[in-house]
Amino acid sequence: MDAVKAAFDSIKLIKGQIISVGTCDADGNPNVAPVGSVRIVDDRTVHLIQGELGRTMKNLKANPRAVFSVVTRPKLRALLKDKDQNLGYRVYGRFTGVDESKEAVRDEADKILSRLPFLLRRSFRGFVEKNLKRVLEFEITSVRAVS
Ligand SMILES: Cc1cc2nc3c(=O)[nH]c(=O)nc-3n(C[C@H](O)[C@H](O)[C@H](O)COP(=O)(O)O)c2cc1C
């Protein structure tokens, strides 16, 4: 799981690298949304800091299943030679709870600061205070590599 955690932690938002979260509504209609704040906490747990995510939240309330996808810096030249090169992961899980405390949001934001350039970290803290409301928790059910 260390490699999975490292893949999520290694994304650089400024380079356009993002994570996606996939959910489904009660009828099975799918949705995908970009999210920068997903963190693999340990073997069993994922955290995501939520701001809006309107449809994603609506879906999670109707159906707790979710999938997070990260693709890390594909080296296309190397990929042509080695089709088994690891390019990222899909982490599947189940929505289990919410922490609405300001401390939880602040702590979680601090843990993903390295995804931003040093000079943007202070403004990110301000953005978090203003716009991000709660930390969502998911229990990991399975992981698949992207290759
Ligand atoms: C690069 C990027 C990162 C984002 N990260 C987050 C995030 O961590 N948390 C969040 O609540 N919204 C985040 N958003 C905003 C959501 O993607 C946006 O609100 C989206 O429209 C929600 O889609 P939905 O209504 O289908 O859930 C991010 C957007 C972008 C472009």
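The values are calculated or read from the model by the stated rules, or taken from the named source; none is laboratory data. This one's a predicted model, so the numbers in the text were calculated from it and none came from an experiment. Note: ideal-geometry Cβ built from the backbone for every residue, glycine included; neighbour counts use all protein chains shown.
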Handout entry: Residue under evaluation residue 83, criteria (1) within 22 Å of residue 14 (Cα to Cα); (2) surrounded by fewer than 19 Cβ atoms within 10 Å (Cβ to Cβ); (3) of a type outside the set (Asp, Glu), criterion not met
Key = (1)
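To keep it simple, each residue is scored yes or no on (1) charged (D, E, K, R); (2) in contact with a Leu (Cβ under 8 Å, 6 or more places away or on another chain).
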position: 40; (1), (2): no, no
position: 55; (1), (2): yes, no
position: 59; (1), (2): no, no
position: 87; (1), (2): no, yes
position: 97; (1), (2): no, yes
position: 114; (1), (2): no, no
position: 118; (1), (2): no, no
position: 123; (1), (2): no, no
Practice task
With the condition kept exactly as written, say whether any residue in segment 104-112 is in contact with a strand residue (DSSP E or B) (Cβ under 8 Å, 6 or more places away or on another chain), closer than 25 Å to residue 22 by Cα and surrounded by fewer than 19 Cβ atoms within 10 Å (Cβ to Cβ).
Solution key: yes
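Regarding residue 65, is this residue more than 16 Å from the ligand (Cβ to nearest atom) and modelled with pLDDT of 95 or more?
On the way: more than 16 Å from the ligand (Cβ to nearest atom): no; modelled with pLDDT of 95 or more: yes.
Judged against the criteria, residue 65 is not a match.
Would you mind listing the strands (runs of 3 or more DSSP E) fully within segment 1-89 where at least 1 residues are in contact with a Phe, Trp or Tyr (Cβ under 7 Å, 6 or more places away or on another chain) and of a type in the set (Lys, Arg)?
The strands (runs of 3 or more DSSP E) meeting that bar are 39-42.
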Exercise for the section: Could you tell me which residue of segment 3-50 is farthest from the ligand (Cβ to nearest atom), considering only residues that are closer than 24 Å to residue 117 by Cβ, of a type in the set (Gly, Ala, Ser) and surrounded by 15 or more Cβ atoms within 10 Å (Cβ to Cβ)? Expected result: 7
Practice task
Could you tell me whether residue 56 is hydroxyl-bearing (Ser, Thr, Tyr), crowded, with 18+ Cβ neighbours inside 10 Å and over 19 Å from residue 16 (Cα atoms)?
Solution key: yes
Fill in the blank from the handout: The residue that is modelled with the highest pLDDT, considering only those in segment 89-137 that are over 20 Å from residue 15 (Cβ atoms) and among the polar types (S, T, N, Q), is 96
